[in-house]
Amino acid sequence: MPSTSTIKEQLTAVYDDLFKQLSDIEDALIKQFFQTDPTADPVDPQEYDFHVKSYCILAHAALEDYFESVVLKIMHHSCNVWLTSQKATEPLLYLLCFYGSRPKIKVDDREDEKSCYSYLKENIDSIVSAFSKEVNNNHGISLKYLKKLLLPVGLNIMNETRVIESLNRLAKYRGDVAHKGIVRSFLSPEDARDQVADCLELCEHIHQTALNKMQDINFV
């Protein structure tokens, strides 16, 4: 049976890597432009604009990779636990809810009898294929995309307006820069940092929730 401690270590490693990536790109691209002296003259936005745009694009990519990696690890672990030991985890129930199908029972006496396990295994194999395709086709981190990633493995999104607004603002800004090439207003280094910090708060919430869900369900 796949080890619960191993999946928790994997999830922690993914979160720690995200934290380091965001810290590194902040140090490399925008930290130098932070206004630490309130009496100093404002920095010309033209000086930091390229750096802020680069920071937002890279931060968005790191966050997107984090969400996708987490849900895939949870899916594979939950499905493997059932297939190897017939023990259910909460994420597996959600996956069956969102992606499971009603199996067609074979009633032809001329065919070999099919076990309940075989029916469920076929369903789980189909879930792995369908959900993996959904994750691989993901295109962002705004709320409409995260719902499709997180809810099927039982991860609720924080009900925090500030965090959701920052998430959507970062996604929109990144989209404007990457796909349109034109942003009508400058985003300050401090505002960019704060938006990413809010997104990281969501990631911390997701990380802790995921760890708590990596337990077998005891049916009493």
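Only the coordinates and a few stated rules stand behind these numbers; no lab work does. Since the structure is predicted, the reported quantities are computational estimates derived from the model, not experimental observations. Cβ atoms come from the backbone with ideal geometry, glycine included; neighbour counts cover every protein chain shown.
What number of residues within the range 141-156 satisfy the criterion of being more than 18 Å from K73 (Cα to Cα) and touching a Lys or Arg at 6+ places or on another chain (Cβ under 8 Å)?
Summing the residues that are more than 18 Å from K73 (Cα to Cα) and touching a Lys or Arg at 6+ places or on another chain (Cβ under 8 Å) in the range 141-156 gives 1.
Inspect all residues belonging to the range 48-59 and state whether any of them is under 29 Å from G154 (Cβ atoms), crowded, with 17+ Cβ neighbours inside 10 Å, of a type in the set (F, W, Y) and in contact with a helix residue (DSSP H, G or I) (Cβ under 9 Å, 6 or more places away or on another chain).
No, every residue in the range 48-59 fails to be under 29 Å from G154 (Cβ atoms), crowded, with 17+ Cβ neighbours inside 10 Å, of a type in the set (F, W, Y) and in contact with a helix residue (DSSP H, G or I) (Cβ under 9 Å, 6 or more places away or on another chain).
Would you point out which residue out of Y94, Y99 is touching a Pro at 6+ places or on another chain (Cβ under 8 Å), among the aromatic types (F, W, Y) and closer than 21 Å to Q10 by Cβ?
Only one candidate passes the filter, namely Y94.
Could you grab the pairs with beta carbons closer than 8 Å, sequence gap of 6+ or different chains, first residue in the range 131-153 and farther than 22 Å from E90 by Cα, second one part of a loop (DSSP other than H, G, I, E, B)?
Final answer for the pair search is L143/I157.
Pull up the range 3-42, narrow it to residues that are part of a loop (DSSP other than H, G, I, E, B) and touching a residue at least 24 places away in the same chain (Cβ under 8 Å), then point me to the one that is surrounded by the most Cβ atoms within 10 Å (Cβ to Cβ).
I30
Given the criterion more than 17 Å from the chain's Cα centre (by Cα) and either of a type in the set (K, R) or under 28 Å from F50 (Cα atoms) (or both), identify the matching residue among Y119, Y145, Y173.
Y173
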